[in-house]
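**Q** After the structure tokens below, expect a handful of questions from me.
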Amino acid sequence: MSYGTVFCADFADYPFMHEAAMDLADQARLIVGGQGRTTRQPTDASLDRYEYFDWRHYFRLADFEHKLDPTAVVEPERLKAYEPAQHRFLRSLDRVFLVPEAEAVQERLFYGLVNAFEAWLARAPRPLTVFFAHTPHFPWHLVFHQVCRVNRIPVYIFRTTQIADAVLLDADLSVSSQDWVRPVTPIDPTWVMDQAWARSPRMANSVSINERAGRHARKRLGFFRWSAIVWRYFRDRRYLAHRHYHRLGWRAIVAAARRRHRQRRADLAYLDRHAAQQAPSGRYAYFGLHYQPERTTVPEAGYFHDQIRAIRILAASLPAGMTLVVKEHPRQLGDRRPSLRRLHAVRTPLYEAIRRIPNAVLVHAFVNSATLIGGAKLTASCTGSAIFEGMQAGIPGLTFARTWHSDCPSGPFCADAQSVAATVPQLLAKSTDEVRADYQQFLIDHAPWWFLGANDDRAVARSAFTREQLRHSVAEVLRNLTIDDSAESTGVRLARDNTRSERSA
């Protein structure tokens, strides 16, 4: 069968995903997007088999008109369709621009991207299918995703689970709903059950990273380390000033690095002085903070990207005499080299707000999470893995945005204060055996939506399967969802709708 055009939006930044996409190169017009992280040699024989889409052309778009009227880009009746993307876009700017932009500039950037991507789609050969290796979370990715949805271009997102080698494909980016795609070749449910009760390599790696973060956080940046940082920014000064999305001189970036380092040390000092080093003695619920900025909060957590909102709602919903333990994420403080994308994520105000909640206890980032989860009666997070870990141990939990396990009765999604208040008593009434039974039944019911795969090379390296097995499985999913040339060029063949908002390849 001959296929139409396949756009693998960010696959070039993940060699494994790029390899999987190349399986379609001889059957479809293949476009692979990237941000220049991987080296592409002119002598590479595969270059004539696909087109490269460079996202760096959309990093800043400084040549936008100074007064860009939204209605000049989008018809007035379609402006509302772009509002969800605009909210996500504005929240995501802090992770890429060191100097905050004025509101007028932000709006100009947004509609400039809409204009650019609308024009690109108008030229792109149809039928067109778009895939993202991860949840779109950079500003330009978020806008492109919405432009595709507005123009009825099917877009699919690879999402991982905490079960080793089990991957889901989502056709929706909204916080409150998901549209899982049912693969032609799902994972064997028996294998899923075997894996579900064990710690996955991904979780084990996360624990190892957190432990290293704890060691790095205590180390000081000496003269030689600072000299190396300054030299690197000086060496890359032309790239930083003209091509990188920060668009600042090297001296300004060095100053930003120093500011981030001082912020991190101040946040750590605050925890050392005011955070508890162990769980309270009585009954408590556990809330694990996300490190920010990251896609787990923007865009995946939606309104609750400001985590204090979720913490206040949960604290108010707990029964009398029950404490809410809030623990910082180790990686928030563990950047050995100043992480510039965390420059706008100062944590001390968040810590102070948590300590003002009467029944909340702030726990230090480097207290063992497994111990805290094991002693809790309830776990909670915006989208984090603590709920999954808790259910494995027979402890119920809830999230404030939809996750891969939100259909499990012992790990549901709560959208607002009313649903949290109604759900907390129900979860606290569950026994350990009931939680485990819910979890097991959920796995049995939902195994048909999971397929064997990975979406980055770190997961491939930790997998029990060979790279070839994983690549073949991912390539099969891409192929089965790609629109073939028999579809009309003016229309888009969406995946077949089934019950419970399912989609089938």
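The values are calculated or read from the model by the stated rules, or taken from the named source; none is laboratory data. Source: prediction; values computed, not measured. In this analysis, Cβ positions are derived from the backbone assuming ideal geometry, glycine residues included, and neighbour counts consider all displayed protein chains. The protein model used for the area step is the full one, side chains on, heavy atoms only, and it has no ligands, DNA or RNA in it. Shrake-Rupley method; radii C 1.70, N 1.55, O 1.52, S 1.80 Å.
**Q** According to the square roots a ≥ b ≥ c of the eigenvalues of the Cα gyration tensor, what is the shape class of the range 304-393, taking rounded for a/c under 1.5, prolate for a/b larger than b/c otherwise, and oblate for the remainder?
**A** Oblate.
**Q** Taking 7 Å along the Cα-to-C-beta vector as the label spot, tell me the R355-K80 distance in nanometres, rounded to one decimal.
**A** According to this spin-label approximation, the distance is 4.7 nm.
**Q** To continue, here is another question. Apply 1/(1 + (r/R0)^6) to the Cβ-Cβ distance of D48 and N480, taking R0 = 22 Å, and write down the FRET efficiency to the nearest 0.05.
**A** 0.30
**Q** Can you give the calculated 222 nm mean residue ellipticity of the chain, where each DSSP H run of n ≥ 4 adds -39,500 (n - 2.57) and the sum is split over every residue, rounded to the nearest 500 deg cm²/dmol?
**A** Roughly -12500 deg cm²/dmol at 222 nm, from the helical runs in the chain.
**Q** For the pair D457/K219, report the inter-label distance in nm, with labels modelled 7 Å from Cα in the Cβ direction.
**A** Going by the 7 Å Cα→Cβ label model, 2.3 nm.
**Q** Further question on the same structure: With all protein chains present, calculate the accessible area of E352 using a 1.4 Å probe and round the result to the nearest 10 Å².
**A** Looks like 70 Å² after rounding.
**Q** For the chain, list the DSSP H helices whose alpha carbon atoms reach 15 Å or more along the long axis and whose average Kyte-Doolittle value is 0.5 or above?
**A** What comes out of the filter, once short or polar helices are dropped, is 307-317, 417-428.
**Q** Based only on Cα atoms, what Rg/Rh ratio does the chain have, Rh being taken as Kirkwood's radius?
**A** Ratio of gyration radius to Kirkwood radius: 0.96.
**Q** Explain nothing, just the number: dipole magnitude of the chain about its Cα centre with +1 on each Lys and Arg Cβ and -1 on each Asp and Glu Cβ, in debye rounded to the nearest 20.
**A** Magnitude of the dipole: close to 2860 debye.
**Q** Given Cβ point charges of +1 (Lys, Arg) and -1 (Asp, Glu) and nothing else, what value in debye, to the nearest 20, does the dipole of the range 204-344 about its Cα centre take?
**A** With only Lys, Arg, Asp and Glu charged at Cβ, the dipole is about 1000 debye.
**Q** Ignoring ligands, DNA and RNA, please state the percent of accessible area on the range 221-323 from carbon and sulfur, probe 1.4 Å.
**A** The computed percentage sits at 53.
**Q** Another question about this same structure. Measure off 7 Å from each Cα along the Cα-to-Cβ vector at A276 and A393, then give the distance between these two points in nanometres to one decimal.
**A** Those two pseudo-labels are separated by 1.5 nm.
**Q** Taking amide H positions as placed 1.01 Å from N in the peptide plane, with prolines and chain starts having none, which residues 5 or more places from E51, or on another chain, fall under 5 Å of its amide H?
**A** L30, I31, V32
**Q** Something else about it: How many Lys pairs in the chain lie less than 22 angstrom apart by Cα atoms, where the lysines are 8 or more positions apart or on different chains?
**A** Close lysine pairs under the 22 Å cut-off: 4.
**Q** Would you mind getting me the FRET efficiency between A119 and A252? Use the beta-carbon distance for r and R0 = 30 Å, nearest 0.05.
**A** Step by step, r from the Cβ atoms, then E = 0.40.
**Q** Rolling a 1.4 Å sphere over the protein heavy atoms, what is the accessible area per residue of the chain, to the nearest Å²?
**A** Dividing the accessible area of the chain by its residue count gives 43 Å².
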